[in-house]
1. Mind sorting B:MET117, B:MET123 by how few other Cβ atoms lie within 10 Å of their own Cβ, fewest first?
2. Please quote Rg/Rh for region B:50-98 to two decimal places, taking the Kirkwood radius as Rh and restricting both calculations to Cα atoms.
3. What does the helix-only formula give at 222 nm for chain A: each DSSP H stretch with n ≥ 4 adding -39500 (n - 2.57), the total divided by the residues, and the result rounded to the nearest 500 deg cm²/dmol?
4. Order B:26-37, B:77-88 from most to least packed using the mean count of other Cβ atoms within 10 Å.
5. Angle, helix A:2-11 long axis vs. longest principal axis of chain A, Cα atoms, 0 to 90°, nearest 10?
6. Partner chain Cβ atoms within 10 Å, averaged over the residues of B:62-75 - can you pull that number for me?
7. Would you kindly compute the Cα radius of gyration of region A:2-148 and its largest Cα-Cα separation (Dmax), both in Å?
8. Could you line up B:TRP76, B:TRP101 from fewest to most neighbouring Cβ atoms inside 10 Å?
Amino acid sequence: MRNYSAVLFCLFPLYLAAQNDVLKIAPAAPLAGKRGESIQIKTSLQLQGGYHLNSNKPDDPYLIPLRLTWDANTVETVSVQFPEPRKEKYEFSEKPVSVFTGDFAIASTVKPKTAGFIVLTGKLRYQACNHNSCLPPKTIDIKIPADFR
Amino acid sequence: MRYALLFAVLCLAGCVTAPESVRAAVKAETKRNPAPNFSLKDADGKVVKLSDYKGKVVLLNFWATWCGPCKIEIPWFIEFEQNYRDKGFAVLGVAMDEEGWAAVKPFVAARKVNYRMLIGDDMTAQMYGGVDSLPTSFLIDREGRTAATHIGLVSKKVYQDDIAQLLGGSVLPVPPVSGGAK
């Protein structure tokens, strides 16, 4: 079984880039670590020019925050650190809005719960707008090959 | 005499030339297609069909509570509903929130929305071309045909011009709304 998993792991693309029209997730390096020990995951995002994502802490309760979660069956999430959001004033907003724009990264710390060659799955929930319209909220899967021992 | 003739020509040109926004937005009657007839529920659970509004000019607005630009338009639509209702005009809001009324009811109550609100679904959105971004609004004429489409936030004047044209020029000027009219 382990050999079969190892073959799958080798055949797995070195990265999986989840993407849609405006947001791309840059290649993620395969993970390696020991069960119960902390490992770091850097999730790099590239947002198309002219668009913004609500930050993880938007000021307006109706706005949909940026969220990143990891499969709780596979890892224990110790922390998810977002960069400092920008306060931007848009044509449609009376007050500056807390947003992320351009290229930025989210730093996660997790502890593997299991051992073996696996694919760690994360879910990124976001909602993007430009200066005069908004796209529906989306949740996309992030898949990273991992060798946990 | 020469100047009088020039003046007359300019006046005539002014009379036959519609404002830019109107020419750009409202289609000629011969180019309008029937608006898809949806069936959605309002806040009271009553089924509402577009065909119920035949004979009226309808502003059909797809929006969501999480959409910042959509919030700018809502006070305009409240005003349009109030001022033009008696002239055969209605606004229909179609909220695309996944949480449905749980999100929409408190939002519209806080803003005292005076027009009919419906909860949208994917099927209705697909009928209207997918509605990939919000706000997206359609101006529907008295015969139930799509006369104009606006994707994204446009100015209040564009809507006013559309409505005026579709109501047959029977719209009185609306005083500007504070904090948003462009």
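1. Working: B:MET117 22, B:MET123 11.
By the 10 Å Cβ count, ascending, the order reads B:MET123, B:MET117.
2. Details: Rg = 11.7 Å, Rh = 11.6 Å.
Ratio value, two decimals: 1.01.
3. Values: 1 runs with 10 residues, N = 149.
Counting only the DSSP helices, I get -2000 deg cm²/dmol.
4. Details: B:26-37: 13.1, B:77-88: 16.9.
Descending mean neighbour count gives B:77-88, B:26-37.
5. 40 degrees
6. Values: counts 0, 1, 6, 5, 12, 10, 17, 10, 3, 5, 5, 1, 0, 0.
Counting other chains' Cβ atoms within 10 Å and averaging over B:62-75 gives 5.
7. 16.8, 59
8. Values: B:TRP76 22, B:TRP101 17.
In order of increasing Cβ crowding within 10 Å: B:TRP101, B:TRP76.
Quick note: the coordinates plus some simple rules give every number you see, no bench work behind them. Computed from a predicted structure; not experimentally measured. For neighbour counting, all protein chains shown are included, and Cβ atoms are generated from backbone atoms with ideal geometry for every residue, glycine included.
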